[in-house]
Structures are given as C-alpha cells and as structure tokens.
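Trainee: One structure coming up, written as structure tokens, with questions to follow.
The values are calculated or read from the model by the stated rules, or taken from the named source; none is laboratory data. These figures come from a predicted structure and were not determined experimentally. Cβ sites come from the backbone with ideal geometry, for glycine too, and all protein chains shown count toward neighbours.
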Amino acid sequence: MMYQHILIPVDGSKVSEYAFQKGVDIAKRNNAAITLVHVVDIRTYANVESERGSLHENADKYTEKMLNGYKAIALEQGVKSVDIKIGHGAARQVITKEIAPKANCDLIICGSNGINALERFVMGSVSEAIVRYAKCDVLVVRTEQVPDDFKLEAFTEEFRREYSYN
C-alpha cells in the first residue's frame, strides 16, 4: 500500500518533531504529500491583549513561523509537496473533525507525550482522539521511542527565544 497524503500534527515537542521526521521518511518512500498542522488553543486567551497585540494574533504568527520551519526541512529533505494548516480550538476536536477530513489524508502520524490518567481524563489525549476518530491509518510515535540523542531541527531553543509570544 502506498500513502499519498500524510497529515502530521506538530506542537514543538521532541516527540512531535520525531514523528515529523518519521513522516518525512514515509512521505519520501511513498512520494506522498504532507500537510503539517498545529492547533492554537485560543480558548484560554482569546480576549487577552498585550503591548504587541492580541495573544491570538501573536500565537498565529508564531505558529506560522514554526510550521514554515518544519515545511522548509521537509522540502529540503525531498518531500514533493508540503502544506501547512493552523487550527483554532481544542486540538483533539479540530484535528479529527475539521482538518483531517478536509485534508483527505490517508495517514496521520502523531506523537504521544504519555500523559497520565488524570490528565487524560481532564483534558483528553490528542493522539487517543486521533486513533479513535480518524477515518484513515494512524501511526502514533511514543515518547519512549525518541532516542536520547535526538536533536530538534525545526523547533530549536533559538527559535523559541526569537519568536516567543509569552
């Protein structure tokens, strides 16, 4: 089976970037397109303003720069087509009910940060929701799979300092 369109949610974590790298490898082997997605949870600061504008606007700018960093790496490594999407709201709902169906993907690759049972009960796990509701194949990369020496390429410490919206 050949995959044609891979959706990769990224959040800047080490496990999400490792999942991204796996997605790039699979995309190259299958000559597949990639859609990178990040969901900004605006519910917590939708009406908060700062001296640099609304946190919502700043979060979108930051997210776009982050996604474009991932996109540049994927294109540089030979992926034929990379699209970026920014969602707003609860990631588990936005990815499974809005972005994935519209993207027409046949594989979703996501990281799982290994949240504990209480956090999962209160917030829900994004990767768990994707596995449960996705209409396509799903590959979940576990935190334990990330090598200790894995280095971030897109969401580096320098990037965080330069584009911090906190």
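Trainee: Hey, among 26, 6, which residue is touching a strand residue (DSSP E or B) at 6+ places or on another chain (Cβ under 7 Å), at pLDDT 85 or above, part of a helix (DSSP H, G or I) and under 19 Å from residue 81 (Cβ atoms)?
Mentor: Residue meeting the stated conditions: 26.
Trainee: Further, regarding this structure: Give the residues of the range 97-114 that are surrounded by 17 or more Cβ atoms within 10 Å (Cβ to Cβ) and of a type in the set (Gly, Ala, Ser), sorted by residue number.
Mentor: Those that are surrounded by 17 or more Cβ atoms within 10 Å (Cβ to Cβ) and of a type in the set (Gly, Ala, Ser): 100, 103, 111, 112.
Trainee: I'd like the full set of residues that are of a type in the set (A, V, I, L, M) and touching a residue at least 60 places away in the same chain (Cβ under 8 Å), limited to the range 73-109.
Mentor: 73, 91, 95, 99, 100, 103, 107, 108, 109
Trainee: Hey, among the residues in the range 44-85 that are of a type in the set (Lys, Arg) and either at pLDDT below 75 or assigned to a helix (DSSP H, G or I) (or both), which one's surrounded by the most Cβ atoms within 10 Å (Cβ to Cβ)?
Mentor: Among them, the one singled out is 71.
Trainee: Would you confirm, using the coordinates I've provided, whether residue 94 is modelled with pLDDT of 75 or more, surrounded by 18 or more Cβ atoms within 10 Å (Cβ to Cβ) and either outside any helix (DSSP H, G or I) or among the aliphatic types (A, V, I, L, M) (or both)?
Mentor: Considered against the rule, which asks whether it is modelled with pLDDT of 75 or more, surrounded by 18 or more Cβ atoms within 10 Å (Cβ to Cβ) and either outside any helix (DSSP H, G or I) or among the aliphatic types (A, V, I, L, M) (or both), residue 94 comes out as yes.
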